[in-house]
1. So which pairs qualify, if the first residue must be in the range 67-79 and among the aliphatic types (A, V, I, L, M), the second must be part of a loop (DSSP other than H, G, I, E, B), the Cβ gap must be under 6 Å, and the two must be at least 6 apart or on different chains?
2. So which of Val216, Val236, Val212 ends up being surrounded by 17 or more Cβ atoms within 10 Å (Cβ to Cβ), of a type in the set (Val, Ile, Thr) and more than 22 Å from the chain's Cα centre (by Cα)?
3. Just one of (1) surrounded by 14 or more Cβ atoms within 10 Å (Cβ to Cβ); (2) modelled with pLDDT under 90; (3) out of contact with any helix residue (DSSP H, G or I) (no Cβ under 7 Å at 6 or more places or on another chain); (4) assigned to a helix (DSSP H, G or I) trips up Glu146, so point out which.
4. Considering only the range 73-112, state which residues are among the acidic types (Asp, Glu), modelled with pLDDT of 95 or more and more than 13 Å from the ligand (Cβ to nearest atom).
5. Which residues, counting only those in the range 29-54, are within 19 Å of Arg145 (Cβ to Cβ) and either within 16 Å of the ligand (Cβ to nearest atom) or not assigned by TED's automatic domain parsing to the domain that holds Lys141 (or both)?
6. Is it fair to say Glu104 is farther than 16 Å from Cys50 by Cα and free of Cβ contacts under 8 Å to residues at least 40 places away in the same chain?
7. Report every pair of residues separated by at least 6 positions or lying on different chains whose Cβ atoms are under 8 Å apart, first residue within the range 8-20 and more than 10 Å from Ser148 (Cβ to Cβ), second more than 9 Å from the ligand (Cβ to nearest atom) and in a helix (DSSP H, G or I).
Amino acid sequence: MNIVTHTDLDGICCAALFIRKYGSQIKIIFATVNEARRISEENFDADYTCDLPKVNNSINIDHHKSNYEDLIITGRLSAKDVIDPSAPSATDLVYNVLGFSDQEDTIASEIKELGHLADTANLPEYYKQLDIVLNLNSDNKEFLRELSEILAKEGRDILESDWLIRKSKESNSIFSDTLAKIHSFLRNQTQLPQILILDTRNFIPSKLAKEVIKPVFERGVLVVAVIYSKSIDEPVRVSFRVSKSVQDADRYDVASVAQIFGGGGHKMAAACTPDQSDIPDRLLKELQKISRKGDSIEYINLS
Ligand SMILES: [Mn+2]
């Protein structure tokens, strides 16, 4: 059996329920939305797609309204699909499809509860550590499988497991290593420009790229564009921020720059995914246009 599921906590809880039902021999592909679309184009033979846009002719179990509407428009919604935009999580739907019941399987019901909490942006304090660990490892497919397996076996007890304690320590050290790298870079800079483009690719984990924002603002930068990329085949992302120390809110409009590269956002916080070839020259040129007299502007590659 082949399952394609989302790389977030809801998708992982779906995977854990499938493992609990069918055992560890099932094949699971953890995918982002973009990856799911790609897999579909490659005609991958999936039996189920969970918490993601439908892959080929698989049975789609999902709660995203956009996916539901898209399937209707393209005529791909089948009678077997279970898509309910009012469901709080895909895990809730998988739980029902696989025929679990709270009385017969407490662990399955704990997994359902976790998936449910994860997607209602309501993660209680005791789940936070798991969320942090997942966040830092969501690009690592082996990690995602391991997490799903342990969750399938232990349910809520995963929160007290040695495995989570060990992974938490690793995550905390990645976090402090990243901050140390950022501060060592800053110590070596005598002066930073008012408008700074920072390329963090191959230097710090993409999940932590935005950690550079606060320290560079503290060093007097007024506008920062942070470049990061999740992996080689994922698009390059740029996040723009304007420092709160800029009193006149209309002084820099980074949304207007993001829009040029197909993105958007707010005047003081925006994002886009430009072409690789736009970095750094075109990005520099467009930021130059919103700069004020006397502003210096610079592109720094951290790697
Ligand atoms: Mn979900």
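1. Pairs found: Leu71/Leu77.
2. Testing whether each residue is surrounded by 17 or more Cβ atoms within 10 Å (Cβ to Cβ), of a type in the set (Val, Ile, Thr) and more than 22 Å from the chain's Cα centre (by Cα) leaves just Val216.
3. (2)
4. The initial filter retains those residues of the range 73-112 that are among the acidic types (Asp, Glu), namely 81, 84, 92, 102, 104-105, 110.
Right, trim to modelled with pLDDT of 95 or more and you get 81, 84, 92, 105, 110.
If the condition is that a residue be among the acidic types (Asp, Glu), modelled with pLDDT of 95 or more and more than 13 Å from the ligand (Cβ to nearest atom), then Asp81, Asp105, Glu110 are the ones that fit.
5. Phe30, Ala31, Thr32, Glu35, Ala36, Tyr48, Thr49, Cys50, Asp51, Leu52
6. Values: farther than 16 Å from Cys50 by Cα: yes; free of Cβ contacts under 8 Å to residues at least 40 places away in the same chain: yes.
It is true that Glu104 is farther than 16 Å from Cys50 by Cα and free of Cβ contacts under 8 Å to residues at least 40 places away in the same chain.
7. Listed pairs, sorted by first residue: Asp8/Leu134; Leu9/Leu114; Leu9/Leu130; Leu9/Asp131; Leu9/Leu134.
Rundown of residues vs (1) more than 18 Å from Asn140 (Cα to Cα); (2) under 17 Å from the mean Cα position of the chain (by Cα); (3) not polar (S, T, N, Q), yes/no style:
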| residue | (1), (2), (3) |
| --- | --- |
| Asn2 | yes, no, no |
| Asp8 | no, yes, yes |
| Ile12 | no, yes, yes |
| Ala15 | no, no, yes |
| Gln25 | yes, no, no |
| Ile29 | no, yes, yes |
| Glu41 | yes, no, yes |
| Asp45 | yes, no, yes |
| Tyr48 | yes, no, yes |
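The values are calculated or read from the model by the stated rules, or taken from the named source; none is laboratory data. What you are looking at is a predicted structure, and each value in this text was computed from that prediction instead of being measured. Note that we place each Cβ from the backbone using ideal geometry, even for glycine, and neighbour counts take in every protein chain shown.
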